[in-house]
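Q: My structure is below; once you've seen it, I'll send some questions.
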Amino acid sequence: MKLFFYDLETTGTRFWKNGIHQISGAIVIDGDIKERFNLFVKPNPSSLIEIEALNVCNVTEEQIMAYDDMKIVYDKLVKILSRYIDKFDKKDKFHLVGYNNASFDNQFLRAFFVQNKDKYFGSWFWSDTIDVMVLASFFLQDQRSEIENFKQSTVAKFLGVEVDESKLHDAEYDIDICMEIYGMVGG
């Protein structure tokens, strides 16, 4: 099984208006971590940059505008994907895995491909997704009333995962938390 654990940091919450400024991931094949990556990207030039979103990640507009252009980062990402997937083989794809990725990250990642004039997102990834938040929701359904909210950090702490609050909202760190939760709730 080929899993693409990933997390994004964005310039806002609307994939059709905002852009990505960090893409981090881990390639896991048959339970083994094959590769990790952490890419910083200058958002699409037409993206709206919301300072509130940047504040959550402790980055500034000046910082993200100094990152590599999105085409350079896109090419790096596709090079990583190509090491593990034959995009011309319809049976060889990654499962996208993330926390709340079904309703958030997946749309941003797909938009990133479109913005880079690549309409073959589905050549790399299965159309269904593994959303660790949904897995955790099922796993913790009998204890849900004891959990203040269902943010990734809150769920992790509830499950006994040590969380460094100062590192949250860094995509690379958030993947580590996601992978720990995944392993505990049935992944």
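Q: Taking a ≥ b ≥ c as the square roots of the Cα gyration tensor eigenvalues, with a/c under 1.5 meaning rounded and otherwise prolate when a/b beats b/c, else oblate, which class fits region 42-187?
A: oblate
Q: Quick check: from the Cα gyration tensor, does region 56-104 come out rounded (a/c under 1.5), prolate or oblate?
A: Oblate, since a/c reaches 1.5 and b/c is not below a/b.
Q: For region 1-97, what's the relative contact order in percent, using C-alpha pairs closer than 8 Å and at least 6 residues apart?
A: Averaging sequence separation for qualifying contacts and normalising by length gives 29 percent for region 1-97.
Q: Still on this structure: Tally the DSSP beta bridges in region 2-132 and give the antiparallel ones as a percent, rounded to 5.
A: If we restrict to bridges inside region 2-132, about 65 percent are antiparallel.
Q: Just want to confirm a number: the relative contact order over the chain, from Cα pairs under 8 angstrom separated by 6+ residues, in percent.
A: 23
Q: Could you sort the peptides 66-74, 104-112, 150-158 by per-residue average Cβ neighbour count (10 Å cutoff), highest mean leading?
A: The most tightly packed comes first, giving 104-112, 150-158, 66-74.
Q: If we sort 94-101, 14-21, 133-140 on the protection proxy, mean other Cβ atoms within 10 Å, highest first, what's the order?
A: 94-101, 14-21, 133-140
Q: How large is the dipole of the chain about the Cα centre if only Lys and Arg carry +1 and Asp and Glu carry -1, each at its Cβ, rounded to the nearest 20 debye?
A: Dipole magnitude for the chain comes out near 920 debye.
Q: Which pairs, out of Lys42/Lys90; Lys34/Lys117; Lys34/Lys151; Lys76/Lys119, put more than 22 Å between their alpha-carbon atoms?
A: Beyond 22 Å: Lys42/Lys90; Lys34/Lys117; Lys34/Lys151.
Q: Continuing with the same structure: Quick query: amide H of Leu48 versus all other amide H atoms, modeled in the peptide plane; which residues come in under 5 Å with a sequence gap of 5 or more or a different chain?
A: Amide H neighbours of Leu48, under 5 Å, 5+ apart: Asn18, Gly19.
Q: So if I take the centroid of the Cα atoms in region 133-187 and the same for region 12-58, what is the distance between those two points in Å?
A: After rounding, the separation between the Cα centres reads 19 Å.
Q: Looking at His169, Phe121, Gln143, which one has the Cα that reaches farthest to the positive end of the dipole of the chain (charges on Cβ: Lys, Arg +1; Asp, Glu -1)?
A: Working it through, the farthest residue towards the positive pole turns out to be Phe121.
Coordinate-derived values only; no laboratory data. Here the structure is a predicted model, which is why all the values come from computation and not from measurement. Positions of Cβ are backbone-derived with ideal geometry, glycine not excepted, and every protein chain shown enters the neighbour counts.
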